Amino acid sequence: MGKILVVYYSRGDENYNVGTITVGNTELLAKEIVAKTGADEFKIEPKVPYPASYQESVEKATEELTAQARPEYIGDIDISEYDTIFLGYPIWWGDLPMVVYSFLEKHDFTGKTVIPFNTHEGSGNAGTYEKLKEKLSNANVIGEGFNMTGVKSRKDEGIQELDAWLKTLNI
């Protein structure tokens, strides 16, 4: 797998089905992947944070999706030295959050292996693995990524399931 990077977007605050949290569901999975693989990590942080209120955040995310916005994010990382990139995100209205697209469009993924993982509350990967294959056509996007409900990501059984999946990747 060569040098590994975990890139993810995750939102804390008020979340559907899990209440108010300080660490987002996707971030929990990302941190476990980092711990198990020794990967470097980069968290995509929107320049303008999403509102803490779940409903207000949904409204902003819906506006961004409708407009196909590309929100700015804070900082960056040079991905050129990495061979394998785990890409984590929550499913928002059947898609990746628009700030994740901002990151993807800023970087050249040619020749990289991209392994998607996501959290959701019932929509699985919502077809985003196929979207990533199209968007990152010069990369090897692993179509059998990993998805889990946000509620389950917060339980020991969820982390055990993630760890079992990681073992199948032979990292």
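One table, with the values for the structure above:
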{"quantity": "Selection status of LYS112, surrounded by fewer than 19 Cβ atoms within 10 Å (Cβ to Cβ) and on the phi < 0 side of the Ramachandran plot", "calculated": "no"}
{"quantity": "One residue from ASP83, ASP95 being within 18 Å of LEU5 (Cα to Cα) and either modelled with pLDDT of 95 or more or of a type outside the set (Gly, Ala, Ser) (or both)", "calculated": "ASP83"}
{"quantity": "Neighbours by Cβ (under 7 Å, 6+ apart or cross-chain): first from segment 49-73, within 18 Å of ASP95 (Cβ to Cβ); second surrounded by 15 or more Cβ atoms within 10 Å (Cβ to Cβ) and of a type in the set (Val, Ile, Thr)", "calculated": "PRO71/VAL99; TYR73/ILE44; TYR73/VAL99"}
{"quantity": "Answer from VAL48, VAL58 - the residue that is over 22 Å from GLU32 (Cα atoms), of a type in the set (Val, Ile, Thr) and modelled with pLDDT of 95 or more", "calculated": "VAL48"}
{"quantity": "Failed item in (1) in a strand (DSSP E or B); (2) without any contact (Cβ under 8 Å) to a residue 60 or more places away in the chain; (3) closer than 24 Å to GLY12 by Cβ; (4) not charged (D, E, K, R), with VAL114 passing the rest", "calculated": "(3)"}
{"quantity": "Segment 80-98, residues that are surrounded by 15 or more Cβ atoms within 10 Å (Cβ to Cβ) and over 17 Å from ALA30 (Cα atoms)", "calculated": "TRP92, ASP95, MET98"}
{"quantity": "Number of positions in segment 84-111 that are of a type outside the set (A, V, I, L, M, F, W, C) and within 17 Å of TYR129 (Cβ to Cβ)", "calculated": "8"}
{"quantity": "Within segment 117-151, tally of residues that are surrounded by fewer than 15 Cβ atoms within 10 Å (Cβ to Cβ) and assigned to a helix (DSSP H, G or I)", "calculated": "2"}
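The values are calculated or read from the model by the stated rules, or taken from the named source; none is laboratory data. Note that the coordinates shown come from a computational prediction; the quantities given were computed from them, not determined experimentally. Cβ coordinates were reconstructed from backbone atoms using ideal geometry, including for glycine residues, and neighbour counts include every protein chain displayed.
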